[in-house]
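Engineer: Dropping a structure here in structure tokens format, bear with me for questions.
Derivation of every value follows stated rules applied to the coordinates shown; laboratory data play no part. All values derive from a computational prediction rather than experimental measurement. Positions of Cβ are backbone-derived with ideal geometry, glycine not excepted, and every protein chain shown enters the neighbour counts.
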Amino acid sequence: MENEEKGSRNIEKRILKRFDFYRFNYLKYWIVAMIDVLIAVVCSTVVFLIYFPLSEPLSRRYLLLVMICTAVVSMIAFYLMKTYRNIIRYMTVKGLLPLGFAVIIKTVILTVVLFLMDLLAKDILINFFLIDLLLTYVALITIRIAMNVVYGMVNQKVANHSMKILIYGSDEKAVALLMRLHKSPHYRPVGFIVYGKESTTYRLNDMNIYQFQTKEGLIKIMKKYEAQAILFSTYKGVQTEKDRLIPFCEEQKIKIMIAPPIDEFGGNDPIRLKIRPIAIEDLLGREEICINLEAVADRFRDKTVFVSGAAGSIGSEFCRQVASLNVIKQMILLDIAETPMHYLRLELEKKYPDLQFIPVVGDVRHKHQIELLFNIYKPQIVFHAAAYKHVPLMEENPCEAVRVNVEGTRIMAEAAVAADVEKFIFLSTDKAVNPTNVMGATKRLAEMFVQGLGLAIAHGEIPGKTQFVTTRFGNVLDSNGSVIPHFRQQIKAGGPVTLTHRDITRYFMSIPEASRLIMEAATISTNNEIMFFDMGEPVFIRDLAERMIRLAGFTPGEEIVVEEIGLRPGEKLYEEVLSTEENSTATVHPKIRVAQVRQCPFEELKEVLPVIARRAWEMNVPETVQLLKKWVPEFKSHNSEFEKYD
């Protein structure tokens with residue numbers, strides 16, 4: 001009862017707060033309207049007195065009448081053009097047009113009314129109209145300029161305690177960010193900065209555009225205008241300057257920040273909470289990947305979508321992107337991790353209140369639970385992301401890797417076929433290509449089973465209608481347990497940053513990028529294929545670590561040491577290219593190709609997988625690993641105790 005009363009009081013407070021907010025805004029509107037009307041009355045009265053001085057009896061008699069008529073006519077004109085709704089401190093030349101139209105309407109109506117009342121003779125009619133029009137318009141513009149000057153002076157006093165920044169770029173997004181920061185007490189823009197001839201300076205929105213070509217030129221600009229940071233308005237700008245301006249800033253320890261796209265801000269969002277320092281993910285990202293959203297939406301329209309591993313990095317982002325389409329019927333979320341599932345549910349229900357989300361805490365190894373979920377909810381699309389993925393940990397726990405990555409996938413796939421699922425998307429990894437560790441081998445064996453099952457259905461060997469799609473890609477930026485959060489924690493602790501080998505390289509892809517490509521692959525694939533994504537160029541992990549240290553404001557090797565600790569069990573020095581043009585085929589999407597891989601007879605796999613799973617449940621490590629090596633002959637252990645079984 002007490003909680004209910006507290007809740008009611010909180011709701012009442014929010015309603016009153018919102019009411020006060022709107023009341024205050026309308027009060028400001030009416031203050032502007034009253035000032036405009038007062039100025040219009042004064043101007044028309046002055047013009048009237050030019051022709052009819054107070055010494056004349058006629059002017060004294062009708063002066064009050066002229067003022068009343070002017071006030072009424074001005075109210076009508078300003079209301080029609082809504083001039084009082086314009087925020088004066090953001091007034092532009094374009095914004096003065098409605099004000100001009102309002103003055104014309106006011107002056108025309110007033111002149112006609114005064115003429116009909118015999119207060120104006122024909123010979124002064126045009127003169128009165130022109131003088132009143134010009135005087136009123138100039139007076140209204142002048143008062144707006146004066147208010148802007150006053151606001152600027154007040155804002156300047158507040159801004160003296162804020163951070164001076166340069167905004168990168170000179171496009172509309174940079175200008176929009178400047179307008180957003182106009183009233184910020186935390187950031188004070190002192191100009192724009194772009195790459196170009198340093199001797200040339202332009203102006204944009206009353207701010208200088210400073211140009212740099214060299215590190216020395218940048219330092220000169222920063223010192224001259226006492227700028228403390230550079231703020232990027234777009235991710236595209238970060239990509240443009242990642243090998244030029246940003247290294248200069250890293251070397252000189254100049255703060256580099258980024259603001260999300262301006263359309264992500266709400267009307268009352270505090271911008272200081274949105275602006276953040278540049279992260280390594282911003283520098284490793286590539287140009288935005290475009291997918292056929294219309295085709296993807298049609299594929300998911302009115303479907304029930306089942307996501308295993310829903311609370312993980314990729315699983316949760318996939319849920320967000322599918323939910324953002326606003327076309328699905330409902331979404332079943334399965335994960336063994338209770339707390340991440342709880343937060344994912346809260347997030348999705350808040351962002352998409354009209355969609356139905358069913359969170360389930362469960363395990364893909366529990367066959368009865370999985371079959372029950374499929375029978376109850378009858379999903380049409382399944383996204384299977386649940387897996388163990390950490391190479392050294394799975395090298396120490398090979399039986400657990402088999403139980404989840406192989407047996408869990410088999411249980412999910414067979415349940416999908418039995419429930420007449422339309423499409424099953426299996427998430428694999430680049431480590432399944434010529435695996436050197438248990439984790440990669442289990443994912444490759446799961447790939448073989450999934451593809452074999454799909455082809456057996458397609459060839460009519462077993463009943464069913466499910467199509468299977470396997471997607472392969474490399475490391476995902478900032479995913480749970482990946483190298484970037486690990487390095488970030490080590491830097492925060494003051495180092496050292498530990499590196500397994502100075503020459504180790506990896507492919508990276510952002511979480512949203514991977515999720516979009518998975519959605520696209522699910523849409524374009526129809527033949528039970530293994531699809532891999534264009535991961536770009538491999539990244540040297542040592543370069544990654546040193547870049548992260550510099551971004552944090554430290555000097556690599558001096559303030560924070562980078563230590564080499566040696567390759568871990570099962571770890572490769574470099575991941576192999578997922579496939580090449582010689583053993584792959586193109587798809588309609590330039591970033592997705594189909595791998596031509598060795599296939600294994602499904603009947604044999606169907607018999608052997610339960611055997612491998614049984615050995616894993618028995619915790620028989622030697623036989624489990626030997627069976628993996630037998631059925632995945634390309635699996636050759638590296639830096640591991642299991643090399644003896646090769």
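Engineer: State, to one decimal in nm, how far the label point of ASP503 lies from the label point of LYS367, with both points 7 Å from Cα in the Cβ direction.
Structural biologist: So the label points at ASP503 and LYS367 sit 4.8 nm apart.
Engineer: With the cut-off at 1.5 for a/c, could you classify region 450-584 from its C-alpha gyration tensor as rounded, prolate or oblate?
Structural biologist: prolate
Engineer: Using only Cα positions of region 323-469, each an equal point scatterer, no hydration layer, compute I(q)/I(0) via Debye at q = 0.08, 0.15, 0.17, 0.18 Å⁻¹ and quote the log10 values to two decimals.
Structural biologist: Once normalised to I(0) and log-transformed, intensities are -0.24, -0.83, -1.03, -1.12.
Engineer: Among residues other than GLY191 whose Cβ falls under 12 Å from its Cβ, what is the net charge (Lys/Arg +1, Asp/Glu -1)?
Structural biologist: That works out to +2.
Engineer: Still on this structure: How much FRET efficiency would the formula 1/(1 + (r/R0)^6) give for ILE376 and ARG598, where r is the Cβ-Cβ distance and R0 is 41 Å, rounded to 0.05?
Structural biologist: Step by step, r from the Cβ atoms, then E = 0.65.
Engineer: Follow-up question, since we're still on this one. Could you work out how much longer the chain between GLN626 and LEU293 gets when fully extended? Use 0.36 nm per residue separation minus the Cα distance between them, nm to one decimal.
Structural biologist: Between GLN626 and LEU293, full extension yields 115.4 nm more.
Engineer: Based on the Cα coordinates of region 352-412, what is the per residue volume of their convex hull in Å³?
Structural biologist: Spelled out: Cα convex hull of region 352-412, divided by residues, is 110 Å³.
Engineer: Let me ask something else about it. Once you have the Cα-Cα distance between GLU349 and ASP123, take 0.36 nm times their residue separation minus that, and quote the gain in nm to one decimal.
Structural biologist: 74.2 nm
Engineer: Oh, and also: Testing the spin-label approximation: label points 7 Å from Cα along Cα→Cβ at LYS236 and THR142. State their distance in nm.
Structural biologist: Each label point is offset 7 Å from its Cα along the Cβ direction, giving 4.4 nm.
Engineer: Okay, moving on. Can you flag which of LYS236/LYS351; LYS253/LYS492; LYS329/LYS591; LYS173/LYS236 are past 19 Å Cα-Cα?
Structural biologist: Violating the 19 Å limit, Cα to Cα: LYS236/LYS351; LYS329/LYS591.
Engineer: I would also like to ask the following. Sort 64-75, 367-378, 444-455 by the packing proxy (mean of other Cβ within 10 Å over each peptide's residues), most packed first.
Structural biologist: Answer by packing, highest mean first, reads 444-455, 64-75, 367-378.
Engineer: Quick check: pseudo-label points 7 Å beyond the Cα along Cα→Cβ at ALA71 and THR585, how many nm apart are they?
Structural biologist: Distance between the two pseudo-spin positions: 8.3 nm.
Engineer: Around ILE491, with a cut-off of 12 angstrom between Cβ atoms, what is the net charge of the other residues, counting Lys and Arg +1 and Asp and Glu -1?
Structural biologist: Taking every other residue near ILE491 into account, the sum is +2.
Engineer: How about region 161-244: which GluC sites (Glu not before Pro) there are in a DSSP loop, with at most 14 other Cβ atoms within 10 Å of their Cβ?
Structural biologist: For GluC sites (Glu not before Pro) across region 161-244 that sit outside H, G, I, E and B with at most 14 neighbouring Cβ atoms in 10 Å, the list reads GLU226.
Engineer: When the label point is put 7 Å from the Cα of THR214 along its Cα-to-beta-carbon vector, which residues of region 226-263 have a backbone N closer than 12 Å?
Structural biologist: The answer is none, because no backbone nitrogen lies closer than 12 Å to the label point.
Engineer: Run the numbers for LEU64 and GLN330: contour at 0.36 nm per residue of separation, minus the present Cα-Cα distance, in nm.
Structural biologist: 88.8 nm is the gain from fully extending LEU64 to GLN330.
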